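Encoded as structure tokens, the structure appears first; notes follow it.
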Amino acid sequence: VKGGYDTFMDKEIHEEPMAVAETLRGRTSPSGRLMLDEMRIGESVLRSIDKIIVVACGTAAYAGHVAKYAIEHWCRIPVEVELAHEFRYRDPVVNEKTLVVAISQSGETMDTLMGIRHAREQGSKVLAIVNTHGSTIARESDAVLYTHAGPEVAVASTKAFIAQITACYLLGLYLAELRGNKYEDEVATYLDELGKMPGRIEEVLESEEDIREFARSLADATSVLFLGRHVGYPVAMEGALKLKELAYIHAEGFAAGELKHGPIALIEQDLPVFVIVPTPRRPLLHSKVISNLQEVRARGARAIAIAEEGDTEAEAYAEKVFWVPRTTPTLMMPLVTVVPLQIFASELARVKGYDVDKPRNLAKSVTVE
Ligand code: M6R
């Protein structure tokens, strides 16, 4: 059942290249144009929307955070990302010009379901990005863009996250094409880049043993920090969530730029701090995060970088680097940078003797509010 792996989580991490490929499959024409046949929301509605609100929980919400950077860049539509339980119980500004995008692996998360019901009552169209066919959220939405990650058994979401980002990117590129935005000409390039991501994830998986070995050296850590900027920020939060739920270690993910606004006070000798470093091909972004890395290291923390191959600065300041392939565009980086963090959390849970697939107190789908 576990395909030769010790745990479903490990199996599902190894299925990530396939999850991207399957989510892309059949959604582009031979000429490279996007075809989202299941897009049952009319083109005129999609042309008239002036805001997107992503409604989701946990890992799915972090996929939404990543998507915000891409969709705003490509489509020039403001994107808000809301935890579904917060969205539902405040008085959100949603109307017929708002597209609500609900992201859910299970399609049964009650908080998210209540959020979409609320949105539809206000006249919004709801597009669900869901992994489970025929699930309640899929049935109650105006349109569904399925992620084809295959069943996810482990409680900790891994391949579904990767597939959710892929589906969100398809949506963003579709809207850019439909609305004729100034980034329209980038659509074909980005579709092409998405198509290369399964191979790039495979490359990261080749360093699995190295990541696991390093994880074992941190088995006694009681607190771990993760920081990132731009799309690295939601990846940092996702890395922290994985570690909390699997290894029961206090972990916090935050925006690297926030470091000096408070969290730097937490940095002390030997504290493990993961830093998700943007590509050096974005010098402004890169230099900012490299200085965070230096600040962390100067205070005696164990700085671990997730960086692009050939990044000599990351190598100079970090105690350990987990490499991701070179030339991956910034917006695509979450699909590779999250992988070492997933492997790291799974290994720490294993070495501590915890149940990797069924962490304590958690359910695969949270069907109560
Ligand atoms: O099924 P959903 O995607 O709606 O679930 C949302 C969250 O409950 C889920 O992502 C949770 O945070 C995972 N355990 C994270 O690994």
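Carbon and sulfur: what percent of the range 255-369's accessible surface (1.4 Å probe)?
Carbon-and-sulfur percentage of accessible area, whole number: 50.
At a Förster distance of 30 Å, what's the computed FRET efficiency of ALA363 paired with GLN122, Cβ-Cβ distance as r, to 0.05?
Efficiency, from the Cβ-Cβ distance: 0.55.
Over the range 94-211, what is the relative contact order in whole percent, taking alpha-carbon pairs under 8 Å and six or more residues apart?
Dividing the mean separation by the residue count of the range 94-211 yields 18 percent.
Quick one: P(r) of the range 259-343 from all Cα-Cα pairs, 10 Å bins, percents rounded to integers, in order of increasing distance.
Spelled out per bin, shortest first, that is 19, 51, 28, 2.
When the gyration tensor of the range 108-151 is built from Cα positions, what are the square roots of 5 times its three eigenvalues, in whole Å, from largest to smallest?
19, 11, 7
Explain nothing, just the number: dipole magnitude of the chain about its Cα centre with +1 on each Lys and Arg Cβ and -1 on each Asp and Glu Cβ, in debye rounded to the nearest 20.
620
Kirkwood Rh over alpha-carbon pairs of the range 1-130, then Stokes-Einstein at 10 °C and 1.306 mPa s: what D in µm² s⁻¹, rounded to an integer?
Answer, rounded: 98 µm²/s.
Reachable lysines from LYS288, Cα under 16 Å, same-chain residues fewer than 8 places away excluded?
Partners within reach: LYS260.
Which whole-number percentage describes the relative contact order of the chain, with Cα contacts under 8 Å and a sequence gap of 6 or more?
RCO, the chain: 19 percent.
Using only Cα atoms, locate the centre of the range 150-229 and the centre of the range 15-39, then give the distance between them in Å, rounded to an integer.
Measuring centre to centre over Cα atoms gives 15 Å.
For LYS11, which lysines qualify as cross-link partners when the Cα separation must be under 26 Å and same-chain residues fewer than eight apart are set aside?
Partners found: LYS2, LYS159, LYS196, LYS242, LYS244, LYS320, LYS352, LYS358, LYS364.
Between the range 242-320 and the range 324-369, how far is it from one alpha carbon centroid to the other, in angstrom?
Between the Cα centre of the range 242-320 and that of the range 324-369, the gap is 18 Å.
Take TRP74, TRP323 and sort them by solvent-accessible surface of the protein heavy atoms, 1.4 Å probe, largest at the top.
Per-residue accessible area, sorted high to low, gives TRP323, TRP74.
Run the dipole for the range 40-101 about the Cα centre, Lys and Arg Cβ at +1, Asp and Glu Cβ at -1, nothing else charged, and hand back the magnitude in debye, nearest 20.
120
May I ask you to give the solvent-accessible area per residue for the range 47-206, in square angstrom, as obtained with a 1.4 angstrom probe?
Accessible area per residue: 34 Å².
What would the Debye formula give as log10 I(q)/I(0) at q = 0.08, 0.09, 0.10 Å⁻¹ for the alpha-carbon point model of the chain, no solvent?
The Cα Debye sum returns log10 ratios of -0.37, -0.47, -0.59.
What residue among HIS14, TYR317, SER135 has its Cα farthest toward the positive end of the dipole of the chain, where the charges are +1 on Lys, Arg and -1 on Asp, Glu, each on the Cβ?
Highest projection toward the positive end goes to SER135.
In percent, what relative contact order does the range 168-269 have, based on Cα pairs under 8 Å that are 6 or more apart in sequence?
18
The values are calculated or read from the model by the stated rules, or taken from the named source; none is laboratory data. Please read these numbers as outputs of a predicted model, since none were measured by experiment. Heads up, the Cβs are rebuilt from the backbone with ideal geometry, glycines too, and the neighbour counts pull from every protein chain shown. Side chains are part of the model used for accessible areas, which takes the heavy atoms of the whole protein and leaves out ligands, DNA and RNA. Shrake-Rupley method; radii C 1.70, N 1.55, O 1.52, S 1.80 Å.
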